[in-house]
Amino acid sequence: MYKTLIRPILFRFDPERIHYFTFSLIRNLSKIPGVKALFRSLYLVEDKRLERELFGLKFKNPVGLAAGFDKNAVLYNELANFGFGFIEIGTITPKGQEGNPKQRLFRLKEDQGIINRMGFNNEGLEAAIVQLKKNKGQLAIGGNIGKNTQTKPEDYTKDYLECFNALHPYVDYFVLNVSCPNVGSHAKLNDKDYLLELIEAVQKANKTFEKQKPILLKIAPDLNDGQLDEIIELVQETNLDGVIASNTSTDREGLKTSEKRLEEIGNGGLSGQPIKTKSTRVIKYLAEKSGKAFPIIGVGGIHSAEDALEKLDAGADLIQIYTGFIYEGPSLIKNINKEIMKKA
Ligand SMILES: Cc1cc2nc3c(=O)[nH]c(=O)nc-3n(C[C@H](O)[C@H](O)[C@H](O)COP(=O)(O)O)c2cc1C
């Protein structure tokens, strides 16, 4: 029904406006008595074979919602009814910020992809905490954190620490997002020495809490083998809890969308089917080269149960979806979980 009836209507409108329209629709529908139960009966698959335990956390199933969809943590309670095993909110920055000028979100229909240069638009830490206090505790919630665009390089760590310390009581795991192609100052966030400093600072802060939370690093799909070797070294040197592979790509190779259209769109991170192989390659490389030494959350271009199994076979322990959710709708989560059950 989603692909034949709902998607053709949604895809007629500006992608960002439709995103917020869908948010209020889901929120309002969920308030109607019986609708939550209807969503749950349509999309939820519960089975022992789907349950996972990773970095000390329990997941009802291995299919999560990737960061960027519920940036401000306003819809995770309702989204839990669509069958996800976990939801990652953010990227959250200390102060709220507008992000880049609009239009900044584009569909690439022929490629089943999206290009976005949102630029960490979010309402900031305090607003996120207000929302996270409403957590009904249905699922594991990840907190994806970043730095404000205006922050000077010498203060990047301060921004991550501010988010980490303030969100610590409210999320189950953390993701240091150092791989967004849309926020500038990329070079520093790719530098191994800086990453080492950042991870150690956050881990030190983690130790000040009674209960420590897992910390993961989210990386780009465009890293070469040498850079991936550095990531493996970094994770092992710091004992980081895991890696999320991957964020969006700056590469435009092999797209069906015309050069002219791509030029009109301009910069941004590419997601969806066109990055599937790239992100799977990164997962496989990290898993094989490290001898599966740390957990990996696989994300990038999962649009079918087959794509999901490919990521798991490559070495992912959990997976996440974003663009596939937009193109395929909520039945994708159910289809993936059913296939995983069959294989178990
Ligand atoms: C519109 C949009 C906004 C995103 N915002 C974020 C973000 O704020 N933080 C982040 O870590 N990833 C963000 N992502 C990246 C996704 O979490 C995911 O890593 C990427 O899209 C690849 O997965 P997919 O092919 O299933 O979409 C965003 C992706 C899209 C399409």
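Given the condition open to solvent by less than 20 Å² (accessible area, probe 1.4 Å) and at pLDDT below 95, answer yes or no: does some residue in the range 158-165 qualify? The answer is no, given that none of the residues of the range 158-165 is open to solvent by less than 20 Å² (accessible area, probe 1.4 Å) and at pLDDT below 95. The set of residues in the range 236-251 being in a loop (DSSP other than H, G, I, E, B) and either touching a Phe, Trp or Tyr at 6+ places or on another chain (Cβ under 6 Å) or within 14 Å of the ligand (Cβ to nearest atom) (or both) consists of 241, 246, 247, 248, 250, 251. Return yes or no: is residue 88 more than 17 Å from the chain's Cα centre (by Cα) and charged (D, E, K, R)? No.
Candidates are the residues of the range 141-192 that are part of a loop (DSSP other than H, G, I, E, B) and of a type in the set (Lys, Arg); the one that is farthest from residue 93 (Cα to Cα) is 152.
Among the residues making up the range 187-205, those that are open to solvent by 60 Å² or more (accessible area, probe 1.4 Å), modelled with pLDDT under 90 and of a type outside the set (Asp, Glu) are 187, 188, 190. All conditions but one from (1) within 16 Å of the ligand (Cβ to nearest atom); (2) open to solvent by 20 Å² or more (accessible area, probe 1.4 Å); (3) of a type in the set (Gly, Ala, Ser) apply to residue 119; the one that does not is (2). Restricting the range 51-109 to residues that are polar (S, T, N, Q) and touching a Phe, Trp or Tyr at 6+ places or on another chain (Cβ under 8 Å), the residue that is surrounded by the most Cβ atoms within 10 Å (Cβ to Cβ) is 93. Summed over the range 220-260, residues that are buried (at least 22 other Cβ atoms within 10 Å of the Cβ) and out of contact with any Leu (no Cβ under 8 Å at 6 or more places or on another chain) total 4.
The values are calculated or read from the model by the stated rules, or taken from the named source; none is laboratory data. Keep in mind it's a predicted model, so treat the numbers as computed, not measured. Glycine also receives a Cβ, built like all others from the backbone with ideal geometry; neighbour counts cover every protein chain displayed. Remember, those area values only see protein heavy atoms, side chains included, never the ligands or the DNA or RNA. Shrake-Rupley method; radii C 1.70, N 1.55, O 1.52, S 1.80 Å.
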